[in-house]
Amino acid sequence: MLVQKIQTGKPYSVYIGNGLLPQVGSIFTEALPDLSGKSVVIISDSNVMPLYCETVKNSFQDTGCRVYTYEIPAGETSKNWTLLGEVLEYLAGLEITRSDYLIALGGGVVGDLTGFAASIYLRGISFLQIPTTLLAAVDSSVGGKTAVDLKAGKNLAGTFWQPRAVLCDTDVFGTLSEKIFLDGVAESIKYGILRDKKLYENILHGGLKNNCNNIVASCIAMKGEIVSEDEFDRGTRELLNLGHTFGHAIEACSSYEISHGHAVAIGMSIAGKVSCQLGLCSEACSEEITAALQTLGFDLTCPYPMDTLYQIMLRDKKRRGNTIDLILPFEIGDCRIYPVAIEKLEEITH
Ligand code: NAD
């Protein structure tokens, strides 16, 4: 089992390996003695619950915990106020106390909703993450961003609330569809392009299939490093948005028909091209990023004209007055936050 420490205000560990799920109760209880004998509420979705909940439930019961479960419908539409309220009412109905724990068993949707509920129930209780998608393992389960969506857009309401521990049993990726696995591949290679050429090459050469635990651990280590530098997203953490400014615009244009990971992959390819146009990286670098993403299986055809994406990007969170912070590659393994004037962006995208 690999262990990564995340050095946030309240540090925590991420456990990564194969076949860990049946031992999850004892691994967490050993790390967190205050968990022993408490009530735990497992929140999962309608796809993951029948696959993995029984194993997790039994494992916690074996350690003497009282275990409750709550199922939400699978899919992004579950990240909403109504469901958040229903989860809170369920917790209150069970008389869950401040010393009990919530457990997010699922992908990023379950993780974001459960984290949000944990952060506001009784003004904050502990929660654990058991990510079951590659995307949740390398990205959303670590770092403490929680959220629900509003009518005006995704993730518009949320909190920063770190989990007390995270456990990733990479065997669970075996039941993911190829498309959902690929979403996580985009977020994984993002770390390589950002700061680690070797990681980029390992992923490109099939590392996520052949050497999954080590690659996942390296991605988590990098996310942890960046988050510990800037836990509350006021600077360096923006780096994690490589490909996301364009990606979010693509997702929004498609009414979320194009998945997040696929949109980010297209966005990273566009970021390379924009960086090249601004003279920040070579044409070879930009072309290599595009070719790598295609090799990994992404269709990078952007179905929307750039000026349509530009209109949406003007509303991006990273806009500051007349400039917008883009995350741009200077070379593979070296990306930087680069403020671009709105007029310049308009010129490039038209
Ligand atoms: P998801 O949670 O919707 O999971 C994708 C699908 O896979 C769902 O249908 C789910 O039921 C299914 N699934 C999950 N695990 C499975 C398994 N092991 N076997 C079979 N099916 C399984 O989506 P996601 O891609 O994991 O996460 C996307 C969400 O994460 C978005 O809401 C996004 O905003 C959020 N996110 C949050 C952060 C953060 O820092 N908090 C970062 C990135 C993304």
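The values are calculated or read from the model by the stated rules, or taken from the named source; none is laboratory data. Since this is a predicted model, take the numbers as computed values, not measurements. Cβ sites come from the backbone with ideal geometry, for glycine too, and all protein chains shown count toward neighbours. Keep in mind that these areas ignore ligands, DNA and RNA; they rest on the heavy atoms of the full protein, side chains included. Shrake-Rupley method; radii C 1.70, N 1.55, O 1.52, S 1.80 Å.
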Practice problem: Write out, first by first residue and then by second, each pair whose Cβ atoms fall under 6 Å of each other, whose residues are 6+ apart or on separate chains, and whose first residue, in the range 207-218, is over 14 Å from residue 187 (Cα atoms) while the second is open to solvent by 30 Å² or more (accessible area, probe 1.4 Å). | Solution: 213/2
Quiz item: Does residue 295 qualify as being free of Cβ contacts under 8 Å to residues at least 24 places away in the same chain, under 16 Å from residue 192 (Cα atoms) and out of contact with any Lys or Arg (no Cβ under 7 Å at 6 or more places or on another chain)?
Solution: no
Quiz item: Which condition number in (1) touching a helix residue (DSSP H, G or I) at 6+ places or on another chain (Cβ under 8 Å); (2) open to solvent by 10 Å² or more (accessible area, probe 1.4 Å) is the one that residue 89 fails?
Solution: (1)
Quiz prompt | Top-ranked residue in the range 113-154 [being closer than 19 Å to residue 100 by Cβ and among the polar types (S, T, N, Q); ranked as farthest from the ligand (Cβ to nearest atom)] | solution = 126
Quiz prompt | the range 92-112: number of residues that are more than 10 Å from the ligand (Cβ to nearest atom), open to solvent by 20 Å² or more (accessible area, probe 1.4 Å) and either touching a residue at least 40 places away in the same chain (Cβ under 8 Å) or not in a helix (DSSP H, G or I) (or both) | solution = 5
Practice problem: Only residues that are under 22 Å from residue 68 (Cα atoms), of a type in the set (A, V, I, L, M) and either open to solvent by 30 Å² or more (accessible area, probe 1.4 Å) or at pLDDT below 95 (or both): list them for the range 118-155, please. | Solution: 120, 122
Practice problem: Specify the residue that is most open to solvent (accessible area, probe 1.4 Å); the eligible residues are those in the range 29-49 that are assigned to a strand (DSSP E or B) and within 12 Å of the ligand (Cβ to nearest atom). | Solution: 45
Practice problem: Starting from residues that are assigned to a helix (DSSP H, G or I), of a type outside the set (D, E, K, R) and surrounded by fewer than 21 Cβ atoms within 10 Å (Cβ to Cβ), keep the ones in the range 54-64 and report whichever is nearest to the ligand (Cβ to nearest atom). | Solution: 55
Self-check item: Residues of the range 299-350 that turn out to be aliphatic (A, V, I, L, M), open to solvent by 50 Å² or more (accessible area, probe 1.4 Å) and part of a strand (DSSP E or B), as a count
Solution: 1
Practice problem: Would you check which residues across the range 242-282 are closer than 19 Å to residue 109 by Cα, of a type outside the set (Phe, Trp, Tyr) and open to solvent by 30 Å² or more (accessible area, probe 1.4 Å) and list them? | Solution: 248, 252, 255, 257, 258, 260, 262
Exercise. Kindly check whether there is at least one residue in the range 40-48 that is more than 20 Å from residue 90 (Cβ to Cβ) and among the aliphatic types (A, V, I, L, M).
Key: no
Quiz item: Any idea which of (1) under 17 Å from residue 203 (Cβ atoms); (2) assigned to a helix (DSSP H, G or I) is the one residue 275 doesn't satisfy?
Solution: (1)
Quiz prompt | Leading residue by the ranking (farthest from the ligand (Cβ to nearest atom)) among those in the range 173-201 that are open to solvent by less than 10 Å² (accessible area, probe 1.4 Å) and charged (D, E, K, R) | solution = 190
